[in-house]
Amino acid sequence: MKTFLKLTRIAAITVAVVALLAAAFGAWFYYQMRASLPQLDGTASLPGASAPVTVTRDALGVPTLRAANRADLARALGFLHAQDRFFQMDLLRRRASGELAELFGKPALGIDKETRVHGFRALAHQVFERCTPVEKNLLESYAAGANAGLAALGKKPFEYIALRTEPAPWRAEDSILVIYAMTLDLQDAGNGHERSLTALRDELGDRAIAFFAPLVTPGDAALDGSTAPLPPMPTEREIDLRPAAKSASATPAVFAPLAQFAPLAPDFLPGSNSFAVSGAHTASGAALLANDPHLGLSVPNIWYRAVMEWSDPAPHRTVGVTLPGLPFLVIGSNGHIAWGLTVSYADTADLVTIATNRIDPSLYKIPGHDELIAIEKRTDTIRVKGSDPVTVESSWTAWGPIIAQTAKGLPIANHWVAYDPAATNLNFIQLETAATASEAVAIAHRSGMPAHNFVVADSAGQIAWTIAGTLPKRVGFDGRLPVSWMYGDRRWDGFLPPDEYPTVTTPADGRIWTANNRILGGSALGLLGDFGYAAPSRAAQLRDDLGQLLTNPTAKVAPRDFADIQLDDRAVFLGSWQKILLDALTPAATAEKPARAELARLVAHWEGRASTDSVSYRLVRAFRTRVSELALTPIFASCVEAYPEFNWRGFQYEPALRELLRAKPAHLLNPSYPSWDALLLAAADDVIADLKQQGVPLAAATWGSRNVAHIDHPLGRLLPRWLGGWLNMPADPLAGDVNMPRIQSPTFGASMRLVVAPGHEADGLFQMPGGESGHPLSPFYRAGHEAWVHGQPGPLLPGKTEHTLTLTP
């Protein structure tokens, strides 16, 4: 008994000591975090500025910066970015340079190995050296301001305390790395779309590409109205799954229905929206613009709101969003023009088959050289926190790094505009002072950045679309599939000249829309190429929403009308799939299983929206996804075997899938099923079984219980749960999905929503997930997030001044 009491006392003392130590650590960590809060009021030093800069903030923490000139403004913006978001800036530059392992150790080594092959750190230095003196001054001023802001914090940002490391100073060329980080995020560095198309052609033939991956489809929503009928499906001589049925029992893993259900596969590539109407349709006469870029969601938000005012020498004001790490406005308005961006999926990379020497495969032939060229071996050293450095090697050709091989073993290089320092520049900053849509379009054509759809509206009522970013000028081929460049008849003739960029200016109906879809056909499409356009359903819904607004010639479009379109969660695309599911659930089928009858009853109550309380939406969506898996997976099995990363979901396959269900070809039927009707019924059963495995009753399977926000801080999963959960945004149910204007998934969605008419910023609307500050103790860490969750836009301009900070030289 005495031993037991003694052990009890020891245990109690141990628990008390541990609790005391935990409390002490918590108090210490809290003190460190409090000391690293950004300064909001009073005065702070901004070395190098020519005059004081005033920074006011409203209740959401949105700053208004007032500076004597543009260089001082860049310096002050760097100060604010570093105080509020330095860790975010650091991650962006390290993502592009392949230096994340220095912070996170071995868990980040794989990402760094993939990134180092691009050589973006060296490229960033080259781009910086190519900048004009004015641009270099802006970058250097911004870097100096960022380092001053970092040094002015009472303690280093809390993330570095948690990681037990020190923040490295910001360098001028690091801002170029931020551009490359966005390039990696917005473009496929491995050219997976072209590689998937190549596997499809090599395994199933040209007719399979035309049918399953058409570049132009019957339902396209291009600005020029271009469409095309679906090409004929492959014949049984080209693809015939029936012989596989004879051995289906021997290979059940390939075609048989899943015995254990993983979460239903995602479908449709997400993306962004931008649209505009001309001044003929607004009360003010100024054109109206909306933009909601859809990106991966994290804490803090990728964007940093700001109003920036300066005289240089004339007074200027810009309103919108900046990207921490860059010294300029990315999306917004300058009072004369307003502009928005969406990823264009223009083709900026090509796979090049390398003609290597048969005797010595380390040598290869390039046009214009009689002698053979040696494949270059590049080595790089990655520093890894807590471990020894790791050396990585890549093989480079004149066209880029070798990333794959042909079926015959020839190397394939990836020729990407990003590898040319001339493809990246700071010309985009000139939009801050552009006065007209036509002037803005000319700037977009000269801008070196990842290729984007650029939509602009001006105060005189004009609107325009074009591409902002560098495009290759192809000669002798269209770039959709790899070819040999050995003879010089197929090549890039540098970059596309600005005067050859496709442009659409104030169409007759006064509306422009983009949703990552194919924008134009004909010769313009030949210039843009195909990097994997999004399905047209979302663009079509935007087009029709705008058309509905313009049906009444006397009604005028207001900012709230555009905000409503941004929040449109109507399931137009899935409406026909609801009918397909109900048709599959025949009276005979529902009589066999009570669960089928319940499914039919729930689906018949079709809300037609991706609302959080909708059950029918979730069920129909899951059914369509499962049908596509069961129907297409066996067709593409050989493609996956040839190229394991083969991605048929990046194709425009919906018309082909619908044609398969209409024609019911026996030679393309999954051999695990006796008929196409049986396949559809099996898909419905799989939806039921999947929810049962998850423990979710059919009647309780709301879309909101499936589409739950998972918006985390980078350290949210690395720290103890009590602290990590505190860093993350709430797990709210979210309306919207990927095939409608209101794109939304747990981790992907509208990074912000902006509506503005240039010159009428006071009437503009704005919302974004997360808050302005990246510091969890800041009152601005979550400010505005709840309004974004519920789709409640607020004013674009900041409200009443709550804080004033003066930055002095």
For Glu166, the lone unmet condition from (1) closer than 30 Å to Gly105 by Cβ; (2) surrounded by fewer than 19 Cβ atoms within 10 Å (Cβ to Cβ); (3) touching a Pro at 6+ places or on another chain (Cβ under 8 Å); (4) not hydrophobic (A, V, I, L, M, F, W, C) is (3)
Please state which one of Arg85, Arg95, Arg66, Arg75 is more than 19 Å from Arg383 (Cα to Cα), assigned to a helix (DSSP H, G or I) and open to solvent by 30 Å² or more (accessible area, probe 1.4 Å).
Arg75
Scan region 440-457 for residues that are open to solvent by less than 10 Å² (accessible area, probe 1.4 Å) and outside any strand (DSSP E or B) and report the count.
6
What pairs come out if I take residues in region 485-506 that are over 22 Å from Ala222 (Cβ atoms) and pair them with residues that are of a type in the set (Phe, Trp, Tyr) and surrounded by 18 or more Cβ atoms within 10 Å (Cβ to Cβ) whose C-beta lies under 6 Å away, six or more apart or interchain?
Arg491/Trp485
For Arg570, which of the numbered conditions (1) touching a strand residue (DSSP E or B) at 6+ places or on another chain (Cβ under 6 Å); (2) crowded, with 20+ Cβ neighbours inside 10 Å fails to hold?
(2)
Going by the conditions given, is Gly532 open to solvent by less than 30 Å² (accessible area, probe 1.4 Å) and at positive phi?
yes
So the check is Cβ under 8 Å with 6+ separation or different chains; which pairs have a first residue in region 101-127 that's under 15 Å from Trp416 (Cβ atoms) and a second one that's polar (S, T, N, Q) and in a helix (DSSP H, G or I)?
Thr115/Ser97; Phe120/Ser97
Report whether or not Asp90 is among the acidic types (Asp, Glu), surrounded by 23 or more Cβ atoms within 10 Å (Cβ to Cβ) and closer than 29 Å to Leu777 by Cβ.
yes
Could you please find all residues in region 374-399 being more than 30 Å from Leu163 (Cα to Cα), in contact with a Gly (Cβ under 8 Å, 6 or more places away or on another chain) and not in a strand (DSSP E or B)?
none
Members of region 397-414 that are over 16 Å from Glu645 (Cβ atoms), in contact with a Phe, Trp or Tyr (Cβ under 9 Å, 6 or more places away or on another chain) and not β-branched (Val, Ile, Thr):
Ala398, Trp399, Gly400, Pro401, Pro411, Ala413
Taking region 388-421 and the residues there that are open to solvent by 40 Å² or more (accessible area, probe 1.4 Å) and among the small types (Gly, Ala, Ser), the one that is nearest to Glu194 (Cα to Cα) would be Ala407
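Quick check: is even one residue across region 589-608 of a type in the set (Lys, Arg) and open to solvent by less than 20 Å² (accessible area, probe 1.4 Å)? Please lay out each step first, then the result.
Initially, region 589-608 is screened for residues of a type in the set (Lys, Arg), giving 593, 596, 601.
Keeping just the survivors that are open to solvent by less than 20 Å² (accessible area, probe 1.4 Å) gives 596.
Within region 589-608 (the criterion being of a type in the set (Lys, Arg) and open to solvent by less than 20 Å² (accessible area, probe 1.4 Å)), the answer is yes, since at least one residue qualifies.
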Select, from Val330, Val319, the only residue that is surrounded by fewer than 24 Cβ atoms within 10 Å (Cβ to Cβ) and either within 25 Å of Phe766 (Cβ to Cβ) or β-branched (Val, Ile, Thr) (or both).
Val330
State the number of residues belonging to region 98-113 that are among the charged types (D, E, K, R) and either open to solvent by less than 10 Å² (accessible area, probe 1.4 Å) or under 23 Å from the mean Cα position of the chain (by Cα) (or both).
3
Please name all residue pairs, on different chains or six or more residues apart, with Cβ atoms under 6 Å, provided the first residue is in region 423-439 and is assigned to a helix (DSSP H, G or I) and the second residue is of a type in the set (Asp, Glu).
Ala437/Asp458
Lone unmet requirement of (1) of a type in the set (Phe, Trp, Tyr); (2) touching a Lys or Arg at 6+ places or on another chain (Cβ under 8 Å); (3) more than 21 Å from Gly774 (Cα to Cα) for Tyr142
(3)
Would you please list the contacts, defined by Cβ atoms under 9 Å and residues six or more apart or on different chains, that run from a residue in region 542-555 that is in contact (Cβ under 8 Å) with a residue 12 or more places away in the chain and exposed (fewer than 14 other Cβ atoms within 10 Å of the Cβ) to a residue that is outside any loop (DSSP other than H, G, I, E, B) and not aromatic (Phe, Trp, Tyr)?
Gly547/Arg511
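Restricting to region 650-670, count the residues that are assigned to a loop (DSSP other than H, G, I, E, B), surrounded by fewer than 20 Cβ atoms within 10 Å (Cβ to Cβ) and in contact (Cβ under 8 Å) with a residue 24 or more places away in the chain. Steps first, answer last, please.
Within region 650-670, the first condition is being assigned to a loop (DSSP other than H, G, I, E, B), and the residues that meet it are 651-653, 664-665, 669-670.
Now restrict to residues that are surrounded by fewer than 20 Cβ atoms within 10 Å (Cβ to Cβ): 664-665.
Subsequent filtering for residues that are in contact (Cβ under 8 Å) with a residue 24 or more places away in the chain retains 665.
Summing the residues that are assigned to a loop (DSSP other than H, G, I, E, B), surrounded by fewer than 20 Cβ atoms within 10 Å (Cβ to Cβ) and in contact (Cβ under 8 Å) with a residue 24 or more places away in the chain in region 650-670 gives 1.
Among the residues that make up region 690-709, is at least one of them more than 30 Å from Val216 (Cβ to Cβ), acidic (Asp, Glu) and crowded, with 18+ Cβ neighbours inside 10 Å? Steps first, answer last, please.
So the first thing to find is which residues in region 690-709 are more than 30 Å from Val216 (Cβ to Cβ), and the list is 690-709.
Pick out the ones that are also acidic (Asp, Glu) and you get 690.
Those left that are additionally crowded, with 18+ Cβ neighbours inside 10 Å: 690.
Yes: one or more hits.
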Could you tell me which residue of region 295-316 is farthest from Leu754 (Cα to Cα), considering only residues that are open to solvent by less than 10 Å² (accessible area, probe 1.4 Å) and under 20 Å from the mean Cα position of the chain (by Cα)?
Val299
Considering region 479-503 alone, what residues qualify as being β-branched (Val, Ile, Thr) and farther than 26 Å from Ala440 by Cα?
Val483
Every pair of residues 6+ apart whose Cβ atoms lie under 9 Å, when the first sits in region 340-353 and is more than 12 Å from Met449 (Cα to Cα) while the second is polar (S, T, N, Q) and open to solvent by 10 Å² or more (accessible area, probe 1.4 Å)
Tyr345/Gln187; Ala349/Gln187; Leu351/Thr198; Val352/Thr397; Val352/Ser484; Thr353/Thr406; Thr353/Ser484
Qualifying residues in region 246-294 (those that are at pLDDT 50 or above, assigned to a helix (DSSP H, G or I) and farther than 30 Å from Leu323 by Cα) - the one least open to solvent (accessible area, probe 1.4 Å)
His281
Does any residue of region 615-630 turn out to be at pLDDT 95 or above, of a type in the set (Val, Ile, Thr) and open to solvent by 10 Å² or more (accessible area, probe 1.4 Å)?
yes
For a quick check of your reading of the model, give me the residue pairs whose first member lies in region 565-582 and is under 17 Å from Arg624 (Cβ atoms), whose second is of a type in the set (S, T, N, Q), with beta-carbon atoms closer than 6 Å and at least 6 apart or on different chains.
Val572/Gln541; Phe573/Ser537; Phe573/Asn739
Does any residue in region 289-303 that is more than 18 Å from Met729 (Cβ to Cβ) and aliphatic (A, V, I, L, M) come within less than 9 Å, Cβ to Cβ, of a residue that is in a strand (DSSP E or B) and open to solvent by 10 Å² or more (accessible area, probe 1.4 Å) six or more places away or on a different chain, and which pairs are these?
Ala290/Leu765
Select from region 362-384 the residues that are under 13 Å from Ser395 (Cβ atoms) and of a type in the set (A, V, I, L, M) and write down the one among them that is most open to solvent (accessible area, probe 1.4 Å).
Ala374
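The values are calculated or read from the model by the stated rules, or taken from the named source; none is laboratory data. For clarity, every value in this text was computed on a predicted model and none was experimentally measured. All Cβ positions, glycine included, derive from the backbone under ideal geometry; neighbour counts span all protein chains shown. Surface areas here come from the heavy atoms of the whole protein model, side chains and all, with no ligands, DNA or RNA. Shrake-Rupley method; radii C 1.70, N 1.55, O 1.52, S 1.80 Å.
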